[in-house]
Amino acid sequence: MTQVDEIDLAGVDEVLSRFPSPEESDLIPILQQTQEAYGYLPAPVMQKISDVTRIPMARIYGVATFYAQFSFEPRAKHTIRCCRGTACHVKGISGVIDAIERELGIQEGESTPDLMFYLDTVACLGTCFLAPVIMIDDQYYGQLTAKRVGAILRSYREEET
Ligand code: FES
C-alpha cells in the first residue's frame, strides 16, 4: 500500500519505546503521544500500535473514535469555530460565516488545501454577550463583522512568514 510507504514509522516506534510492556490502560497515552508526533493518527501507525501492543485494531479504533481529541485525517493548523446560536444568529453571524467561506474558499467541515484552517460551526460558544462570535483555536473574536474577517485571517497567515 502506498500510504504505508509514505508514513515514517520512526515516530510511533519512539512513542512505543516509552511503554516497554504496554497494557490496555496505556492506550490513551500512546494515542495522545502518537497524535502529537504525527498531528493525527495515520492508519499504518494504528496498525503498528496494534501489532506491538497486541490490542486488536477494532478496540483501538473504538477508543480513538470515542474521544474527539483524536483525528484520523491530517488536521489543519488552526480551527475556526463559528457560533450558530440564537444570539449570534440575531446579531448577523451568517454574514461573518459567508465572509470566512469566501475568504478561505472552503465550507463548514472543510480544511484549506494548505491545512492552515479548518472551519467548523457550533451550537453556542457560551459567550453570547460577545455575539456574533467566533473562536480561532482558543482565541475569541467577538462583535465580529464580515469586514474584519479578512484582516483576522491574514494575521494568522502572516504569523507563518
Ligand atoms: S449564541 Fe453565540 S455564543 Fe452563544
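Per-structure values
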quantity: Two-decimal Rg/Rh across region 1-66, once Rg and the Kirkwood Rh are taken from alpha-carbon atoms; calculated: 0.92
quantity: Whole-Å distance, taken between Cα centres, linking region 126-155 and region 59-111; calculated: 14 Å
quantity: Cβ charges +1 (Lys, Arg) and -1 (Asp, Glu), total dipole of region 2-66, debye; calculated: 220 debye
quantity: Per-selection metrics, the chain (Cα): Rg and Dmax in Å; calculated: 19.2, 55
quantity: For the chain, share of DSSP beta bridges that run antiparallel, in % to the nearest 5; calculated: 55 percent
quantity: Isolated Cys in the chain, by beta carbon distance under 4.7 Å; calculated: Cys82, Cys124, Cys128
quantity: Student exercise, region 30-99 dipole from Lys, Arg, Asp, Glu Cβ charges, in Debye to nearest 20; calculated: 120 debye
quantity: Calculated [θ] (222 nm, deg cm²/dmol) that DSSP helices of n ≥ 4 give over the chain, each run adding -39,500 (n - 2.57); calculated: -14000 deg cm²/dmol
quantity: Estimated dipole of the chain in Debye, rounded to 20 [Cβ of Lys and Arg +1, of Asp and Glu -1, Cα centre]; calculated: 740 debye
quantity: All lysines inside 29 Å of Lys48 as judged from Cα atoms, apart from same-chain residues fewer than 8 positions distant; calculated: Lys77
quantity: Reachable lysines, given that their alpha-carbon falls under 22 Å from the alpha-carbon of Lys147 and they are not under 8 places away in the same chain; calculated: Lys91
quantity: Paramagnetic reach from Val122 (point 7 Å along Cα→Cβ, amide N under 14 Å) across region 136-161; calculated: 136-142
quantity: Nearest 10 degrees, 0 to 90: helix 93-104 Cα axis against the chain principal axis; calculated: 60 degrees
quantity: FRET efficiency, 1/(1 + (r/R0)^6) with R0 45 Å, evaluated for Asp138 and Leu9 via beta carbons; calculated: 0.90
quantity: Proxy reagent accessibility, fewest Cβ within 10 Å first, across His78, His89; calculated: His89, His78
quantity: Relative exposure of Tyr118, Tyr156, judged by other C-beta atoms within 10 Å (fewest first); calculated: Tyr156, Tyr118
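Read-outs throughout are calculated quantities, based only on the coordinates presented, and are distinct from any laboratory measurement. Owing to the predicted nature of the structure, the values given are computational and were not obtained by experimental measurement. When we count neighbours, we look across all protein chains shown, and the Cβ atoms used for this are built from the backbone with ideal geometry, even at glycine.
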